[in-house]
Amino acid sequence: MATHPHSAIDAVWRIESARIIAGLTRIVRDVGLAEELAQDALVAALEQWPESGIPDNPGAWLMATAKHRAIDMFRRNKRLERKHEELGRELQARQEMAVPDFDTALDDDIGDDLLRLVFISCHPVLSTEARVALTLRLLGGLTTEEIARAFLVPEPTVAQRIVRAKRTLAEKQIPFEVPRGEELAARLSSVLEVIYLVFNEGYSATAGDDWMRPALCEEALRLGRILAELASQEPEVHGLVALMEIQASRSKARVGPSGEPILLLDQNRAYWDQLLIRRGLAALDRAEKLGELGGPYALQAAIAACHARAPTPEETDWARIVALYEVLATLTPSPVVELNRAVAVSMAFGPAPGLELVDVLTAEPSLRDYHLLPSVRGEFLKKLGRFDEARAEFERAATIARNARERELLLKRARACAAAESGASPGDKNDASSAN
């Protein structure tokens with residue numbers, strides 16, 4: 001039973017830490033210092049709650065403790081004398097308040113504070129890796145060890161990214177505010193990119209032994225849902241949430257009993273989570289009402305919705321998917337978008353026109369080490385009965401793939417092509433599509 005309070009404290013921290021850090025950052029104007037103060041309050045909870053019991057309002061207790069420590073720090077630290085003068089009176093006025101009274105203070109402007117924390121964590125002045133690490137640390141409440149384990153990088157590397165990110169924000173004097181006007185659109189794009197990067201790493205891990213890391217998908221979904229509440233008038237926010245909800249609905253169907261990948265057209269759709277699909281379609285509807293399908297995330301969500309609405313792969317509206325990819329390619333030109341469009345074209349009009357599009361992409365330098373290009377090309381060649389060429393493409397894709405599960409699947413498909421070429425039955429029903 002001794003571990004029970006610590007488990008409860010961990011749960012409280014996951015729920016409340018972002019709110020507390022956001023509120024403290026508004027007061028001290030330094031996200032690194034705010035996190036330190038919040039961590040101090042957590043240490044105090046770990047010391048006191050096992051003996052005294054968990055307070056009725058643990059979030060308010062943590063906030064009050066952190067604010068009291070801020071007062072003590074400002075008094076002691078000569079270098080922060082100016083901040084002491086500016087902020088001391090406000091903090092001192094609250095110092096003697098009872099803990100329950102902090103509940104009101106905690107909720108004041110809490111939505112704005114959280115939204116400010118989202119924007120500062122994902123500020124473009126930081127590298128993409130730093131934005132991801134800082135976001136998971138401040139908004140997700142994940143430890144450095146958990147972030148490192150999720151992304152298969154050394155823990156000291158993640159720790160350095162977080163430290164440097166906080167230092168950069170302080171040195172650049174990045175304001176703790178929600179940007180406005182044209183800057184809002186640019187900064188919102190960075191925020192959405194970070195959340196989707198986290199989701200994608202969970203949905204299709206780039207490296208390691210696991211095909212999926214569900215915890216990262218769940219964390220990205222949680223952050224996306226929070227952002228959708230805080231920025232409720234931004235259609236692309238709802239577009240991203242819709243995309244993640246619908247993709248996440250397939251999670252149970254994407255992995256076989258031994259952890260092997262199951263591609264989209266081979267999935268048992270009875271395992272798709274209908275609640276997540278309904279949530280995703282509702283978010284897509286909100287995005288459409290706010291801004292039609294004007295952004296890349298809403299367009300991708302509309303493509304995902306075509307799959308979600310189809311009872312079987314054969315009933316999928318592939319022509320609409322092709323049309324949506326054409327719009328997406330115009331909006332955000334990308335070789336990867338073109339590769340996805342080629343897959344849709346092959347499903348709508350046959351493998352030959354799909355192969356023509358893919359053959360053009362083989363000269364694209366940015367796709368030289370992208371394993372899905374030879375994988376897709378191999379699939380088209382296989383459907384055309386060119387098994388020897390298909391086998392070579394699958395083998396090449398396997399040499400590039402960094403994820404062990406994907407590599408195994410690609411080699412299995414190569415063996416199936418070799419068997420088909422020799423006249424044997426490949427016996428591999430999971431080789432139907434490169435889509436997932």
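Give segment 419-434 a look and list any residue that's surrounded by 21 or more Cβ atoms within 10 Å (Cβ to Cβ) and modelled with pLDDT of 50 or more, or say none. Quick ask: steps written out before the conclusion?
Narrowing segment 419-434 to residues surrounded by 21 or more Cβ atoms within 10 Å (Cβ to Cβ): 431, 434.
Scanning segment 419-434 gives no hits.
Only residues that are open to solvent by 60 Å² or more (accessible area, probe 1.4 Å) and in contact with an Asp or Glu (Cβ under 7 Å, 6 or more places away or on another chain): list them for segment 150-181, please.
GLU155, ARG161
Among the numbered criteria (1) buried (at least 17 other Cβ atoms within 10 Å of the Cβ); (2) of a type outside the set (Val, Ile, Thr); (3) touching a residue at least 24 places away in the same chain (Cβ under 8 Å), which one does GLN267 miss?
Among (1) buried (at least 17 other Cβ atoms within 10 Å of the Cβ); (2) of a type outside the set (Val, Ile, Thr); (3) touching a residue at least 24 places away in the same chain (Cβ under 8 Å), GLN267 violates only (3).
Out of all the residues in segment 136-165, which are assigned to a helix (DSSP H, G or I) and in contact with a Leu (Cβ under 7 Å, 6 or more places away or on another chain)?
LEU136, LEU138, ILE147, ALA150, ILE162, ALA165
Given (1) more than 24 Å from ARG407 (Cα to Cα); (2) open to solvent by 40 Å² or more (accessible area, probe 1.4 Å); (3) touching a residue at least 40 places away in the same chain (Cβ under 8 Å); (4) assigned to a helix (DSSP H, G or I), where does LEU197 come up short, assuming only one miss?
(1)
Quickly run through segment 147-188 and pick out the residues that are without any contact (Cβ under 8 Å) to a residue 24 or more places away in the chain, of a type outside the set (A, V, I, L, M, F, W, C) and within 27 Å of LEU243 (Cα to Cα).
Result: ARG149, ARG180, GLY181, GLU182, GLU183.
Select from segment 283-297 the residues that are hydrophobic (A, V, I, L, M, F, W, C) and closer than 19 Å to CYS217 by Cα and list them in ascending order. Please lay out each step first, then the result.
Let us first name the residues in segment 283-297 that are hydrophobic (A, V, I, L, M, F, W, C), namely 283-284, 287, 290, 293.
Selection gives ALA283, LEU284.
Which ones in segment 121-135 are assigned to a loop (DSSP other than H, G, I, E, B) and β-branched (Val, Ile, Thr)? Don't jump to the end; show me each part of the working.
Here is the first cut: in segment 121-135, the residues assigned to a loop (DSSP other than H, G, I, E, B) are 122-127.
Residue satisfying the conditions is VAL125 alone.
Say we look at segment 1-38 and pick out the residues that are polar (S, T, N, Q) and surrounded by 16 or more Cβ atoms within 10 Å (Cβ to Cβ); which of these is nearest to ALA165 (Cα to Cα)?
The initial filter retains those residues of segment 1-38 that are polar (S, T, N, Q), namely 3, 7, 17, 25.
Among the residues that remain, those that are also surrounded by 16 or more Cβ atoms within 10 Å (Cβ to Cβ) are: 17, 25.
Details: SER17: 18, THR25: 15 Å.
Of everything passing the filter in segment 1-38, THR25 is nearest to ALA165 (Cα to Cα).
For GLY256, indicate whether it is more than 20 Å from the chain's Cα centre (by Cα), of a type outside the set (D, E, K, R) and modelled with pLDDT under 95. Steps first, please.
Values: more than 20 Å from the chain's Cα centre (by Cα): yes; of a type outside the set (D, E, K, R): yes; modelled with pLDDT under 95: yes.
For GLY256, the condition - more than 20 Å from the chain's Cα centre (by Cα), of a type outside the set (D, E, K, R) and modelled with pLDDT under 95 - is met.
In segment 374-418, how many residues are within 19 Å of SER204 (Cα to Cα), touching a Pro at 6+ places or on another chain (Cβ under 8 Å) and open to solvent by 10 Å² or more (accessible area, probe 1.4 Å)?
Looking only at that region, the number is 4.
Output the residue which, of all residues in segment 270-296 that are aliphatic (A, V, I, L, M) and within 20 Å of TYR196 (Cα to Cα), is surrounded by the fewest Cβ atoms within 10 Å (Cβ to Cβ). Break it down stepwise before answering.
Applying the first criterion (aliphatic (A, V, I, L, M)) to segment 270-296 yields 270, 275-277, 281-284, 287, 290, 293.
Adding the requirement that they be within 20 Å of TYR196 (Cα to Cα) leaves 276-277, 281-284, 287, 293.
On the way: LEU276: 19, ILE277: 20, LEU281: 18, ALA282: 14, ALA283: 25, LEU284: 26, ALA287: 29, LEU293: 21.
Looking at the filtered set, the residue picked out is ALA282.
Checking the condition among the small types (Gly, Ala, Ser), touching a helix residue (DSSP H, G or I) at 6+ places or on another chain (Cβ under 6 Å) and over 22 Å from LEU372 (Cα atoms), which residue from ALA304, ALA344, ALA283 passes?
Values: ALA304 fails: over 22 Å from LEU372 (Cα atoms); ALA344 fails: over 22 Å from LEU372 (Cα atoms).
Sole residue among the options that is among the small types (Gly, Ala, Ser), touching a helix residue (DSSP H, G or I) at 6+ places or on another chain (Cβ under 6 Å) and over 22 Å from LEU372 (Cα atoms): ALA283.
For segment 218-264, which residues satisfy the criterion of being of a type in the set (A, V, I, L, M, F, W, C), open to solvent by 20 Å² or more (accessible area, probe 1.4 Å) and part of a helix (DSSP H, G or I)?
Residues satisfying the conditions are ILE226, LEU230.
In segment 171-190, is there at least one residue being more than 22 Å from the chain's Cα centre (by Cα), at pLDDT 90 or above and small (Gly, Ala, Ser)?
Among the residues of segment 171-190, not one is more than 22 Å from the chain's Cα centre (by Cα), at pLDDT 90 or above and small (Gly, Ala, Ser), which makes the answer no.
Of all residues in segment 310-324, which are open to solvent by 20 Å² or more (accessible area, probe 1.4 Å), under 20 Å from PRO296 (Cα atoms) and touching a residue at least 24 places away in the same chain (Cβ under 8 Å)?
Going residue by residue through segment 310-324, those that are open to solvent by 20 Å² or more (accessible area, probe 1.4 Å) are 311-315, 317-320, 323.
So of that shortlist, the ones also under 20 Å from PRO296 (Cα atoms) come out as 317-320, 323.
Selection gives TRP318, ALA319.
The values are calculated or read from the model by the stated rules, or taken from the named source; none is laboratory data. Note that this is a predicted model, so its numbers are computed, not measured. FYI the Cβ positions are ideal-geometry reconstructions off the backbone, even for glycines, and counts take in every protein chain you see. When the accessible area is computed, the model is the full protein with side chains, heavy atoms only, and any ligands, DNA or RNA have been set aside. Shrake-Rupley method; radii C 1.70, N 1.55, O 1.52, S 1.80 Å.
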